[in-house]
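Reviewing the structure listed below.
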Amino acid sequence: MPVKKEKRKRDIEKNYSAKQFVLKLRRLADRIESGNRFRIQVAGERINVPSDAVINIEHERGSSEEELEFQLKWKIVR
């Protein structure tokens, strides 16, 4: 039986143009609506987001900036 290689921890932010972001959001929304998993490549790594991922929106405010994050979270299955 093949042994799965453990993935390294990672924390990246990738900037996109407004047009690229809209295309990714539309594709994500379509996959969520149809109940299917979502596949995306970020900084050279392919990521499979399962259809049962938890979806939330996070808002942070500091003294000089605000941040809005659309998040999908799921457990790693080994």
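The values are calculated or read from the model by the stated rules, or taken from the named source; none is laboratory data. The shown structure was predicted, so the numbers you read here are calculated from the model rather than taken from an experiment. Note: ideal-geometry Cβ built from the backbone for every residue, glycine included; neighbour counts use all protein chains shown.
Mind checking which pairs have a first residue in the stretch 1-25 that is under 17 Å from L72 (Cβ atoms) and among the aliphatic types (A, V, I, L, M) and a second that is surrounded by fewer than 10 Cβ atoms within 10 Å (Cβ to Cβ) and modelled with pLDDT under 90, Cβ under 6 Å, 6 or more apart or different chains?
I12/A43
Consider the stretch 64-78. How many of its residues are within 22 Å of K7 (Cβ to Cβ) and not in a loop (DSSP other than H, G, I, E, B)?
Going through the stretch 64-78 one residue at a time, the tally reaches 4.
Can you confirm whether R61 is at pLDDT 95 or above, under 14 Å from the mean Cα position of the chain (by Cα) and either under 24 Å from K7 (Cα atoms) or of a type in the set (K, R) (or both)?
Criteria not met by R61.
Would you pick out the residues in the stretch 12-32 that are of a type in the set (D, E, K, R) and surrounded by 12 or more Cβ atoms within 10 Å (Cβ to Cβ)?
Answer for the stretch 12-32, where residues must be of a type in the set (D, E, K, R) and surrounded by 12 or more Cβ atoms within 10 Å (Cβ to Cβ): K24, R27, R31.
What number of residues within the stretch 32-53 are part of a helix (DSSP H, G or I) and touching a residue at least 12 places away in the same chain (Cβ under 8 Å)?
Qualifying residue count for the region: 1.
Just give me the residues in the stretch 35-47 being over 19 Å from E69 (Cα atoms) and surrounded by 10 or more Cβ atoms within 10 Å (Cβ to Cβ), in sequence order.
Those that are over 19 Å from E69 (Cα atoms) and surrounded by 10 or more Cβ atoms within 10 Å (Cβ to Cβ): N36, R37, E45.
Give the number of residues within the stretch 1-31 that are in a helix (DSSP H, G or I) and of a type outside the set (A, V, I, L, M).
8
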